[in-house]
1. Through the Karplus equation 6.51 cos²θ - 1.76 cosθ + 1.60, θ set to phi - 60°, convert the phi angles of segment 162-168 into ³J(HN,Hα) values in whole Hz; use x for Gly and Pro.
2. Which values, in whole Å and largest first, are the semi-axes of the equivalent ellipsoid of segment 217-283 obtained as the square root of 5 times each eigenvalue of the Cα gyration tensor?
3. Are there trypsin sites (Lys or Arg not before Pro) in segment 117-186 that DSSP marks as loop and that have at most 11 other Cβ atoms within 10 Å, and which are they?
4. In this model, which of Lys153/Lys220; Lys92/Lys310; Lys310/Lys333 are farther than 29 Å apart at the alpha-carbon?
5. Residues with beta-carbon under 10 Å from that of Ile216, excluding Ile216: net charge, scoring Lys, Arg +1 and Asp, Glu -1?
6. To the nearest 500 deg cm²/dmol, what mean residue ellipticity at 222 nm is calculated for the chain from DSSP H runs of n ≥ 4 alone, each contributing -39,500 (n - 2.57), summed and divided by the residues?
7. Can you list, largest first and rounded to whole Å, the semi-axes you get for the chain by taking the square root of 5 times each eigenvalue of its Cα gyration tensor?
8. Quick check on packing: order 329-339, 309-319 by the mean number of other C-beta atoms within 10 Å, highest mean leading.
Amino acid sequence: MPVGASQLAGMWREVLALSKLAAGEHVLVLTSSNSNPLLADAALRAAAELGARALRLDIPPLWDPGESGTDPTAVTGRSQLDDNPMALAAMKEADLVIDLVFLLFTPAQREVLKTGTRMLLAYEPPEILARCMPSLEDRRRVLAARDTYLAGKEIRITSDAGTDLRATVGEYPITAEYGFVDEPGRWDHWPSGFVARVPDDHTASGTVVLAPGDIILPFKNYLQAPIRLSIEDGMIVKIQGGLEAEFLEQYMREFNEPNAFAVSHLGWGLQPKARWTSLGLYDKHATVGMEARAFYGNFLFSTGPSLRRKTRCHLDIPMRNCSFSIDGAPMTKGGQVIPENQKVFP
Ligand SMILES: [Fe+2]
């Protein structure tokens, strides 16, 4: 059964309250032809009920020839705001932008955040938003993991399936997503719950073996057979396996960008409310797979861009049953989170 309009507005009130939305603040709800009108209506209603001044800004869509399908996470780096100073100015004036379009990894987003505007992305269907309602406990858990990751130097990820990947960290910031925006200039995505960090340039090396049941986003399939990725100097240099490996390699090659094969952010899932099975119950167009990215204990492997490396091709690959360690201390073991090794955030 679907989530009703009143419940959805109530959910938005809760998330906006967690985001410390105050009476009199200005909220901009950004939409385009890919936005869910139910989410827009509920967000506007909730913001008004909290005493904020809210408006909706609808912008034209932008299609990229690199896109196959409609998933907004598939192609990164550009948005329809890059050459739209009027829209950008409005967003910078807002205290809080609710992004129902998907501006992730775009220059426009970075520019808006620099002004102190907080930005909350929401794209999933209401039922997924409802199951993964964020909480202060989510924040505590994710920030504890972030602080532990921040203090680390060497990471290693292993699995019985054959993964053994090593890298050093420290050059790049950590993304810590808990699902609401309670500080000026903070960006987040409802729903979420994970930490992610790009390893130092040229340091990732070893093997990643994607096992049956692992998920390549934005393909949104559960893998049926293993895929072996050989990684040297921060780049995937060989992809071996059956049909799914061939599909993966062909998809990446079609961008015609060498950085498509770079190792991007690495981290682990911290959201107990997210389900590994959820993706199997939705059409591909209906979801961007946030439950897959966030489910508790997954190793979130990814490929493509970093702050220094440009490519439009970005894959997030949540993997089960992996062990993620930092300076020898396990954060996950066989896909189970080890919370006692993750500092408690005060
Ligand atoms: Fe990603």
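Coordinate-derived values only; no laboratory data. Just so you know, these numbers come straight off a predicted model, no measurement behind them. Every residue, glycine as well, gets a Cβ built from its backbone with ideal geometry; the counts of neighbours run over all protein chains shown.
1. Coupling constants for segment 162-168: x, 5, 8, 10, 10, 6, 10 Hz.
2. Numbers: eigenvalues 116, 53, 29 Å².
Result for segment 217-283: semi-axes of 24, 16, 12 Å.
3. Values: sites: Arg118, Arg131, Arg139, Arg140, Arg141, Arg146, Lys153, Arg156, Arg166, Arg186; in loops: Lys153, Arg186.
Passing both the DSSP loop test and the Cβ count: Lys153.
4. On the way: Lys153/Lys220 32 Å; Lys92/Lys310 25 Å; Lys310/Lys333 33 Å.
In this structure, Lys153/Lys220; Lys310/Lys333 lie more than 29 Å apart at Cα.
5. Details: positive: Lys220; negative: Asp214, Glu244, Asp316.
That works out to -2.
6. Details: 8 runs with 81 residues, N = 346.
Calculated from helices alone, the mean residue ellipticity at 222 nm is -7000 deg cm²/dmol.
7. Numbers: eigenvalues 203, 97, 74 Å².
Value: 32, 22, 19 Å, ordered largest first.
8. On the way: 329-339: 17.0, 309-319: 21.5.
Listed from highest to lowest mean packing, they are 309-319, 329-339.
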